[in-house]
Amino acid sequence: MQMIYAHRGASGYAPENTLRAFDLAADMHADGVEIDVQRTKDGRLVVFHDETLERVTKGTGLISEYTYDELKKYPLLYAVDGTEEDTIPLFSDVLTLLRKRGLRLNVELKNSRNPYPGMEEEVLQTVREADMVEQTMYSSFNHYSLLHIKALQPGAFCGILYEASLVHPWRYAASLGMDALHPQYAEPMLIERSEVKEAHLLHLEVNPWIVNDTGDIRECISLGCDRIISNYPDRAVSILNQCKPRD
Ligand code: G3P
Ligand code: MG
């Protein structure tokens, strides 16, 4: 079944990676959300994209140099309505919300620049505690980290993130025991119909990001992509519903 995941929540409409953006994704009937997880100075897992605070808060410096209580003083900036009421959420609080709203989850471990040693164990444990194991899949640009996840929990569903024109990425992913390809969707396209077929033959999903343009969403659905990751889940859900009846 093809599905729509809201990228950093419904981030086309609300501050990215906030409880508000995740609630909105549920209101828009997304199947799931994609989130970015990092770790604070005091060892708390938080949902935040950049390694530094500058782009989306008035703070400066690395997120890993702040305790969670300190981070709460830096609300997320929101250009559309100017409010600053959204704060960086704890991973565990996000899981609670997703479970309540019936959303699936794609956890992206943001550990390419800062490896956050031990993060894999903590992420898996937090997901178990939230009773979200079945609904959760994992991705990362750090493929060593995904191997670590698989070693800890062989049944964990893992997708390799990449933003290059890889040759036969399905062979590479299968050789690592992965479950999905997570290619960047861009012009020129990094995925083609034959590649989706090759991936499917190896029982790998193809889950492109970030697919926002209506033509691109249609194209991904037509290519047979499995989970389409978009900042505009309402748009993608509507197009998917027009393409064929949903299960
Ligand atoms: O997981 C898909 C996508 O989120 C990867 O890139 O930079 O948006 O986290 P980025
Ligand atoms: Mg991400």
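The values are calculated or read from the model by the stated rules, or taken from the named source; none is laboratory data. The structure presented is a predicted model; accordingly, all values stated were derived computationally and were not measured. We place every Cβ from the backbone using ideal geometry, glycine too, and count neighbours over all the protein chains shown.
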(request) Any residue in the range 116-143 that's under 25 Å from residue 173 (Cβ atoms): show its pairings with residues that are hydroxyl-bearing (Ser, Thr, Tyr) and outside any helix (DSSP H, G or I) at Cβ separation under 6 Å, as long as the two are six or more apart or on different chains. (result) 127/136; 141/112; 142/112
(request) Looking at (1) within 16 Å of ligand 1 (Cβ to nearest atom); (2) at positive phi, find the lone condition where residue 113 falls short. (result) (2)
(request) Mind listing whichever residues of the range 60-88 are farther than 18 Å from residue 12 by Cα and modelled with pLDDT of 95 or more? (result) 60, 61, 62, 63, 64, 65, 66, 67, 68, 69, 70, 71
(message) surrounded by fewer than 18 Cβ atoms within 10 Å (Cβ to Cβ), free of Cβ contacts under 8 Å to residues at least 60 places away in the same chain and under 17 Å from the mean Cα position of the chain (by Cα): which single residue out of 165, 175, 112 fits that description?
(response) 112
(request) Answer with yes or no whether residue 17 is under 18 Å from the mean Cα position of the chain (by Cα), surrounded by 18 or more Cβ atoms within 10 Å (Cβ to Cβ) and under 22 Å from residue 143 (Cβ atoms). (result) no
(request) Sort out for me the helices (runs of 4 or more DSSP H) sitting completely within the range 112-208 that have 3 or more residues that are at pLDDT 95 or above, under 21 Å from residue 32 (Cα atoms) and not charged (D, E, K, R). (result) 119-129
(request) Please find, among 68, 74, the residue that is under 24 Å from residue 129 (Cα atoms), surrounded by fewer than 24 Cβ atoms within 10 Å (Cβ to Cβ) and more than 16 Å from ligand 1 (Cβ to nearest atom). (result) 68
(message) Name the residue that is surrounded by the most Cβ atoms within 10 Å (Cβ to Cβ), counting only residues in the range 197-234 that are in contact with a Phe, Trp or Tyr (Cβ under 7 Å, 6 or more places away or on another chain) and not hydrophobic (A, V, I, L, M, F, W, C).
(response) 208
